[in-house]
Every structure is written in C-alpha cells, then in structure tokens.
1. Please name whichever of P175, A133, A148 sits farthest to the positive end of the charge dipole of segment 79-192, dipole taken about the Cα centre and charges placed at Cβ: Lys and Arg +1, Asp and Glu -1.
2. Per 0.36 nm of contour for each residue apart, how much would the distance between D54 and D199 grow if the chain were fully extended, relative to their Cα-Cα spacing?
3. Non-local amide H neighbours of Q300 (under 5 Å, H modeled in plane, Pro and chain starts lacking H): which ones?
4. Would you work out which of S71, L106, I120 lies farthest towards the positive end of the dipole of segment 68-122? Charges go on Cβ: Lys and Arg +1, Asp and Glu -1.
5. Quick one: what are the phi-derived ³J(HN,Hα) couplings along segment 130-146, Karplus 6.51/-1.76/1.60 with θ = phi - 60°, whole Hz, x for glycine and proline?
6. Quick one: pull the percent of accessible area on the chain belonging to carbon and sulfur, 1.4 Å probe, ligands and nucleic acids left out.
7. Mind checking the full-extension length gain between S64 and A145? Use 0.36 nm per residue of separation minus the Cα-Cα distance, one decimal, nm.
8. I'd like to compare 75-85, 322-332: which one has the highest average count of other Cβ atoms within 10 Å, and what's the full order after that?
Amino acid sequence: MTDPSSAQPAPPGCPAHTDAVRLAGLEYQQTPSQLYRAMRREHGAVAPVLLDGDIPAWLVLGYSEVTYVTSHDELFARDSRRWNQWENIPADWPLLPYVGYQPSVLFTEGDEHRRRAGVITQALEGVDQFELARNCQLIADRLIADFAGSGQAELMTGYAHALPMRAVVQMCGMPTSGEDTQQLVEDLRISLDAAEGDDPVAAYGRVGERLRQLVKDKRERPGPDVTSRMLLDPAGLTDEEIVQDLISVIAAAQQPTANWICNTLRLLLTDERFAVNVSGGRLSVGEALNEALWLDTPTQNFIGRWAVRDTQLGGRQIRAGDCLVLGLAAANTDPQIWPEAHVGAENAAHLSFSNGEHRCPYPAPLLADVMARTAVETLLERLPDLVLSVEPETLTWRPSIWMRGLTALPVQFTPVVQ
C-alpha cells in the first residue's frame, strides 16, 4: 500500500471498520514515522489495522493511549487466548510466534506474572554490570580485530548483531561461538524478523529445543549464569517455564540491542550534530543512544494486548477479545508530547522498553544500555576516523513492521595494524 488512508475491505466480524490500514508496505522500511503521522491524521490515536492475512486489530498510536493500555491490565491483558479471531488464524500464520499462547512470562497475568517476572529480575540482578562491560569490551575488541586491518566493514552483521549475541548467550551460560549458538541466534532472528522465505514457526520450535537442552545441562551442572539462577530460584519454576522465559529474555536482549547499537551508530555517522564531533564528545554517545530510542526505537510495534471486556480507547469502541498492537515508535513521536517536533535527547520518558507491569523487567534496560554503550564507545575509540562508505540516503531498513533495524551499515576507516 502507498497511502494509509486507502480503505481495505474488512473481513467478516472485523472490529476495525471498513477503512482499516494494512500493516505492510515500503513505508515500514524507509519512513514509518511519516506513515504514523498520516494514520494519526486520518484515524486519531487508535487506528483500525489489518495484520498478515487481513486479520483485524487496532494500532495504538498515541503516547497517552499506549501508557493507558499498558497501565490497565484489568482492561487490556496479555493472555492471547482471549482473542476473538482465533477461528480465522491458520496453523502456519507468520505471527504465531508472537501471539500463540505459550507458558511464558509474556502471557501470564496477576500473581503468576509477578512470580515469573520476579525470577527473571533476580536472575538478571545477579549479572555484574562492570563484568558485563568488561566482557562486552573484550568481545568488541575481538570483533573489531577481524576487520580493522581492511579499512572497511559492514557493521550490522559484523559488529552490532554479533556483540549482544555473544554477550547474551554468555550471560545465559552458553558458549559464545559454535554452530549451535549461531543457529540459535539465526532462529531467533527469523522468529522476530522473518524475511521472505523464512519459516518463523519452525525457527521458534528450534529455539525451544536448543534451550531445553541448555536447561537440562544447567540442571545437572549449574554455574554463575542467568539460566542456573532461574533454576535455583525458590519460586520453583518448571524446566519448560524456564525455557519459555529464557526465550523471552534472550530474544528481548539480542535483536533489539543489536538494532539499538546500529541505529545509534547511524545517527552518530549521519547527523551533523554528532558526526562532526564524535571524537570530541561535544554531544555524547549517551545522548545519541537515548535519541535513537525516541526516533528509531528498536522495537517499533509490539503485539499486543487483548481487551478483557468491551471498552473505549481514543474515541474507539473496543470489543472484548480485540487485539491491540502497541505502536511504541508512533507513541514516542506523538506530537502531543513533542508539539514542536523536537525530541529532547535528555528526556528518558520514551516507551521503548514498554510500560507498566509487563515492561522489560528491571534491570534488563540497564544491561542493554551497558551492552549498547560499550559497543558504540569501543568502536569509536578503536576507529576514531570511522565514516559511512555510502551516502546516508542509500541506507535501507529491514522490511519489518515490528523491528526497526538497518539491513546493512557499511563503513570505512584508516586500516589498523593489529
């Protein structure tokens, strides 16, 4: 589609009117912010949309509306079994890894969610942030050494993606390299951000099998890692519960952090406020990291919430069982909170880690910040004359409505002899 105001016929029983907008098209690759603005003008803070296969849902675009939804679990809950569209969902639907009910912390509610999230919080709190920073710097140094002598690199694949992958699997007690680890990360990517020809449902199944083996191994031989701490927690989660929650932890830490690193590097290398003084530090890496969360948040849309009962939101009538997609990127750039279209990099009230009880559990955002900040700062210290090797306008974004990340970030620099 090229125009968000173009109407699409709604399927039978559609809760979202006959002017629903398909969540697809080139706008999501290059200029989603323009698309969100157009949708907001046409539909307001809550827009009727069609997911893959023309399945109806609502896209929540407004900052205050997203905040309201995520703060009122009694109205908008996480258990997807409430969905009133299951009879229309085929077995091979590509979004099943997102919405198919699993015994995971993502779909729990109330006391059970607090129990499961508490286990994750305790396990992550056991991660020493200084040790994580040291590990990330060592990983960064090894990755940079692989391309430093050539004077050129593709940073998305060779650096931004690889660094958090190695850091996260190390935190969870897996080897940082090897075929099994590489396949796990590739399957996670397919599950979260499938390209044409990928099978996200099969990939998600392989992720589960690999982590079941990890949990089995750690049950027999625990170590100083996140998986072992989850197994030893007095809450007594089952092995399958831990597998499902590990999927959530690793998926949330790896791909979004990779996108955060790369989106920040793009900002540093293309925005004159940063590009002129990356080495001089007049605008800090921290400001660039925060601005990237506002303007190019790694997870631009999140599915979702399901209405517990009939209610209203943003002037729309929401039926019990309707699906709501959280438009995190649209909310972060809502003109109601930025009336002059200026996003203040010093403000950290973005929704990039969501909000409410189901937001990223503490201290996950802090650990992601350690990984992203160390990755960016180490790269700039080792390669201080780093520049893009293509024109900024030729950079392309992955064709995903969920994740916001570049397909590639090619750079050049003075070769460094190791």
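The values are calculated or read from the model by the stated rules, or taken from the named source; none is laboratory data. These numbers come from a predicted model, not from an experiment. Cβ sites come from the backbone with ideal geometry, for glycine too, and all protein chains shown count toward neighbours. Only protein heavy atoms, including side chains, enter the accessible area calculation; ligands, DNA and RNA are left aside. Shrake-Rupley method; radii C 1.70, N 1.55, O 1.52, S 1.80 Å.
1. Going by the charge dipole, the pick is A133.
2. On the way: separation 145, 0.36 × 145 = 52.20 nm, distance 1.91 nm.
Going from the current span to full extension adds 50.3 nm.
3. Amide H to amide H, under 5 Å and 5 or more residues apart or across chains, Q300 pairs with M403, R404.
4. Most positive-ward Cα: I120.
5. Residue by residue, segment 130-146 yields 5, 5, 4, 4, 4, 4, 5, 5, 5, 4, 4, 4, 5, 5, 5, 4, 5 Hz.
6. Details: 9020 of 17490 Å².
The nonpolar share, carbon plus sulfur, comes to 52 percent.
7. Details: separation 81, 0.36 × 81 = 29.16 nm, distance 4.56 nm.
This chain segment gains 24.6 nm when fully extended.
8. 322-332, 75-85
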